[in-house]
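Have a look at the structure below before the remarks.
The values are calculated or read from the model by the stated rules, or taken from the named source; none is laboratory data. It should be emphasised that the depicted structure is a prediction, and the values quoted were computed from it without experimental measurement. Using ideal geometry, Cβ is built from the backbone for each residue, glycine included, and neighbour counts are taken over all protein chains shown. Remember, those area values only see protein heavy atoms, side chains included, never the ligands or the DNA or RNA. Shrake-Rupley method; radii C 1.70, N 1.55, O 1.52, S 1.80 Å.
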Amino acid sequence: QVYLEESGGGLVQPGGSLRLSCVASLPHHLANYAMTWYRQVPGKERELVASISRLGSNIDYAEAAKGRFTISRDNDKRVMYLQMNALKPEDTAVYYCHARGITPHVRDFTTWGQGTQVTVSS
């Protein structure tokens, strides 16, 4: 069974923190896939929040996430995380986990999770 399952979203006050998790069940070991967090608000396009290479050596953040969010992964536990600190109302969105195959035998594989809602409000 192939899936990505996000969790950890919820309602938090401005300035608060949340840690999102993405548990992966993929055709091969998680180390074969680059992983990314995206987010989307109604009426807007899905946007990249943070990405991490398959072994964790390369990490990129959207400008809005720099200095506040931290992406990480544990390939043996099949999980990716997004630690979000100093949350702002504009961080309110549905957050999605995405996997993209990198190694030759999974190069054409991509999949999305169902998303987890993050709401930042007082």
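A few points about this structure:
- Within the range 15-28, residues that are over 24 Å from ASP108 (Cα atoms) and touching a residue at least 12 places away in the same chain (Cβ under 8 Å) have Cβ atoms under 9 Å from residues that are among the small types (Gly, Ala, Ser) and open to solvent by less than 30 Å² (accessible area, probe 1.4 Å) in these pairs: LEU18/GLY10, counting only partners at least 6 apart in sequence or on another chain.
- Test: LEU11 is in a strand (DSSP E or B), closer than 10 Å to VAL118 by Cα, at pLDDT 95 or above and open to solvent by 30 Å² or more (accessible area, probe 1.4 Å): yes
- Residues in the range 42-58 that are open to solvent by 40 Å² or more (accessible area, probe 1.4 Å) and either in contact (Cβ under 8 Å) with a residue 12 or more places away in the chain or part of a strand (DSSP E or B) (or both): ARG46, GLU47, LEU48, ARG54, LEU55.
- Which numbered condition PHE109 misses (of (1) farther than 19 Å from GLN1 by Cβ; (2) in contact (Cβ under 8 Å) with a residue 40 or more places away in the chain; (3) of a type in the set (A, V, I, L, M, F, W, C)): (1)
- Checked against the criterion of being on the phi > 0 side of the Ramachandran plot and not basic (Lys, Arg), the candidates GLY67, GLY101 yield just one match: GLY67.
- Qualifying positions in the range 59-111 - open to solvent by 40 Å² or more (accessible area, probe 1.4 Å), outside any loop (DSSP other than H, G, I, E, B) and at pLDDT below 95: PRO104, HIS105
- Unmet requirement for SER57, which otherwise passes all of (1) more than 20 Å from LEU4 (Cβ to Cβ); (2) of a type in the set (Ser, Thr, Tyr); (3) under 10 Å from the mean Cα position of the chain (by Cα): (3)
- Residue count for the range 22-33 satisfying the condition of being open to solvent by less than 20 Å² (accessible area, probe 1.4 Å) and within 11 Å of the chain's Cα centre (by Cα): 1.
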